[in-house]
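Right, one structure below, let's go through it.
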């Protein structure tokens, strides 16, 4: 027997279920248990694969000094009672593909995962990782009928971390001193905000010239593609797993942090009924508040262009799935 699925998880221990045991999902499971955040259920459609990963992670518990349990399963019934459900199932990008190229392949996978997950964990908060992320988050919202506080996409945390990394590398400073903000869709039309990006409180606009900043902005927009083009057969997974884990930790430990996530807008920034990356306050209830920044006309125009791209893909996926709202 490869998993610990017959052993009950203690009722006082939070449970996070991860749908999709690929590189992102399995790395996320490792992050969660080694931070001692929750017990984990790792689900995948491939027989024996999530069970094997769960056993491997269980065998590392004594070495990593934690007692969290990891269950590997192919059965949605095993995710019952989850506080958080992460949807990471779907096809990854390959070299030459954009995130939008995954629209048709991943739409049905994500909708089916959301429908099954909400049946067994109706009180869960959902975090979507599958690309194209903003559209997939919209699909999960439609499939689950959740309120907007309980559903979000992981994107802005990752994109902001990439921007922070490039700033730190350029200036030769610790990334711990860098704070950056990236809004918009998780794609080429994302909106890094140099005005809201600082090093120990100093705006980067005072530390770098405009040409350097624009180069780092463009690298941030292409951050995922840079990795995909090098790997060829897949995309990033360490940083996406870390970004998702930060969101999970913030929710489970009620840190009330302000993080950029893909959230449902209902009038903020002049946008409605779509998911796009904006700063939000996260806590134990999920999205506690959507923060509306005072953007310049140029920044707001860029955000709305990004939103137009997301809405176009929402329309496409509705046609693909014969979607009835």
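The values are calculated or read from the model by the stated rules, or taken from the named source; none is laboratory data. These figures come from a predicted structure and were not determined experimentally. FYI the Cβ positions are ideal-geometry reconstructions off the backbone, even for glycines, and counts take in every protein chain you see.
Counted as qualifying within segment 20-89 are the helices (runs of 4 or more DSSP H) with 3 or more residues that are closer than 22 Å to residue 125 by Cα and out of contact with any strand residue (DSSP E or B) (no Cβ under 9 Å at 6 or more places or on another chain), namely 23-34.
Based on what the data block shows, is residue 280 crowded, with 19+ Cβ neighbours inside 10 Å and farther than 26 Å from residue 142 by Cβ?
Working: crowded, with 19+ Cβ neighbours inside 10 Å: yes; farther than 26 Å from residue 142 by Cβ: no.
No, not satisfied.
Hey, can you tell me all the residues within segment 278-295 that are assigned to a loop (DSSP other than H, G, I, E, B) and either within 22 Å of residue 133 (Cβ to Cβ) or touching a residue at least 24 places away in the same chain (Cβ under 8 Å) (or both)? Quick ask: steps written out before the conclusion?
Kept after step one, since they are assigned to a loop (DSSP other than H, G, I, E, B), are these residues of segment 278-295: 284-285, 291-295.
Scanning segment 278-295 gives 284, 285, 291, 292, 293, 295.
Considering 200, 254, the condition of being over 22 Å from residue 281 (Cβ atoms), loosely packed, with under 15 Cβ neighbours inside 10 Å, modelled with pLDDT of 95 or more and assigned by TED's automatic domain parsing to the domain that holds residue 285 is satisfied by 200 alone.
One residue alone among 259, 274, 252 is touching a helix residue (DSSP H, G or I) at 6+ places or on another chain (Cβ under 7 Å) and within 27 Å of residue 38 (Cα to Cα), and that residue is 259.
Here residue 235 qualifies as at pLDDT below 90 and closer than 30 Å to residue 37 by Cβ. Filtering 180, 161 for residues that are touching a residue at least 60 places away in the same chain (Cβ under 8 Å) and within 24 Å of residue 289 (Cα to Cα) leaves a single hit, 161.
Quick grid of which residues meet (1) modelled with pLDDT of 95 or more; (2) more than 15 Å from the chain's Cα centre (by Cα); (3) in the same structural domain as residue 234 (by TED's automatic domain parsing); (4) surrounded by fewer than 24 Cβ atoms within 10 Å (Cβ to Cβ):
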| residue | (1), (2), (3), (4) |
| --- | --- |
| 98 | no, yes, no, yes |
| 102 | no, yes, no, yes |
| 119 | yes, yes, no, yes |
| 124 | yes, yes, no, no |
| 129 | yes, no, no, no |
| 139 | yes, no, no, no |
| 161 | yes, no, yes, yes |
| 166 | yes, yes, yes, yes |
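Among 103, 146, 183, which is in a helix (DSSP H, G or I) and touching a helix residue (DSSP H, G or I) at 6+ places or on another chain (Cβ under 8 Å)? Please lay out each step first, then the result.
On the way: 146 fails: in a helix (DSSP H, G or I); 183 fails: in a helix (DSSP H, G or I).
From the options 103, 146, 183, the qualifying one is 103.
Among what's in segment 123-140 and is touching a strand residue (DSSP E or B) at 6+ places or on another chain (Cβ under 8 Å) and not in a helix (DSSP H, G or I), pick the residue that is farthest from residue 260 (Cα to Cα). Per the criteria, the residue is 124.
Hey, does segment 141-151 have a residue that's over 17 Å from residue 82 (Cβ atoms) and buried (at least 24 other Cβ atoms within 10 Å of the Cβ)? Checked against the condition, which is being over 17 Å from residue 82 (Cβ atoms) and buried (at least 24 other Cβ atoms within 10 Å of the Cβ), segment 141-151 yields no hits at all.
In summary, residue 214 fulfils each of the numbered conditions (1) at pLDDT 95 or above; (2) buried (at least 17 other Cβ atoms within 10 Å of the Cβ); (3) out of contact with any strand residue (DSSP E or B) (no Cβ under 9 Å at 6 or more places or on another chain) with the single exception of condition (2).
Within the option set 208, 152, being farther than 29 Å from residue 34 by Cβ, out of contact with any helix residue (DSSP H, G or I) (no Cβ under 6 Å at 6 or more places or on another chain), in contact (Cβ under 8 Å) with a residue 24 or more places away in the chain and not in a helix (DSSP H, G or I) holds for one residue only, 208. Taking segment 230-243 as the search range and keeping residues that are within 21 Å of the chain's Cα centre (by Cα) and farther than 15 Å from residue 26 by Cα, which one is surrounded by the most Cβ atoms within 10 Å (Cβ to Cβ)? Selected residue: 231.
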